[in-house]
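Written below as structure tokens is the structure these notes are about.
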Amino acid sequence: MTKTRLIERLKWYYPLEKFHALVTFPAIMLFLMYKNPLRDLVFVSYGLLVCIAVLYQGQLYWKLKLDRLLAKDINQRESLQFFRRSKKVNFFLIFLMPLFFILQLYLQDWDHNSNDYLYWGLLANLFAILEHVNYYHIQLMVDNQYDMKYLITHKRLKKASLAKDLDEYKI
């Protein structure tokens, strides 16, 4: 993808990621908390919070990438440190997921129809893990012709852009 196309893509993609991190997922969580008892939402809420954290990191990365492409000043060293720390925090948050699952099973009212939230919790936590992988390891999202061409040509997914930047010590 050319620099111009990447800039055009990031101009709409970065705000969309920011919207999901700051509006969509918090709104879903608040709606669920308004409508349901907290004891049914421990696991799904934890998954949504981890999603919000990872999506926030992703939108920040795309903002910095766009700023860099537009020749704006960014604090590259501080930004790379933030993402290295965030990657470690994400591993810790992912490690805690089974504990929140067990807590949810303990708190769950089995007479109440709260099993649906257990499944939604599994989905939210899985989505958070996949988002982490998508940003810090392998680009799971294939959403344009260049990604599709790479996948067909190399018969594998690309290394995530943030992962490459962390390896190369530059954004």
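Screening the chain for DSSP H helices whose Cα atoms reach 20 Å or more along their own axis and whose mean Kyte hydropathy is at least 0.5 gives 42-69, 76-107. Nonpolar atom fraction for the chain, defined as the carbon and sulfur part of the 1.4 Å probe accessible area, stands at 65 percent.
Rounded to the nearest 20, the size of the Cβ-charge dipole of the chain about its Cα centre is 980 debye, with Lys and Arg at +1 and Asp and Glu at -1. Per residue, the stretch 90-145 exposes an accessible area of 63 Å² to a 1.4 Å probe, with every protein chain left in place. A prolate overall shape is assigned to the stretch 41-171, the ratio a/c of its alpha-carbon gyration tensor axes (a ≥ b ≥ c) being 1.5 or greater and a/b exceeding b/c.
Only helices enter this figure: runs of n ≥ 4 DSSP H residues, each worth -39500 (n - 2.57), summed and divided by the residues of the chain, yield -25500 deg cm²/dmol at 222 nm to the nearest 500. Sorted from longest to shortest, the spans of the Cα atoms of the stretch 1-87 along the three principal axes equal 49, 27, 19 Å. Once a ≥ b ≥ c are taken as the square roots of the eigenvalues of the Cα gyration tensor of the stretch 1-51, is the result rounded (a/c under 1.5), prolate (a/b larger than b/c) or oblate (a/b not larger than b/c)? The shape class here is prolate. For Ile138, the amide hydrogen comes within under 5 Å of the amide hydrogens of Ala160, counting only partners 5 or more places away or on other chains and with H modelled in the peptide plane. Look at the Cα gyration tensor of the stretch 80-143: its axes a ≥ b ≥ c give a/c of at least 1.5 with a/b at or below b/c, and that counts as oblate.
The values are calculated or read from the model by the stated rules, or taken from the named source; none is laboratory data. These figures come from a predicted structure and were not determined experimentally. All Cβ positions, even for glycine, are placed from backbone atoms using ideal geometry, and neighbour counts span all protein chains on display. What goes into the accessible areas is simple: the full protein's heavy atoms, side chains included, and nothing from ligands, DNA or RNA. Shrake-Rupley method; radii C 1.70, N 1.55, O 1.52, S 1.80 Å.
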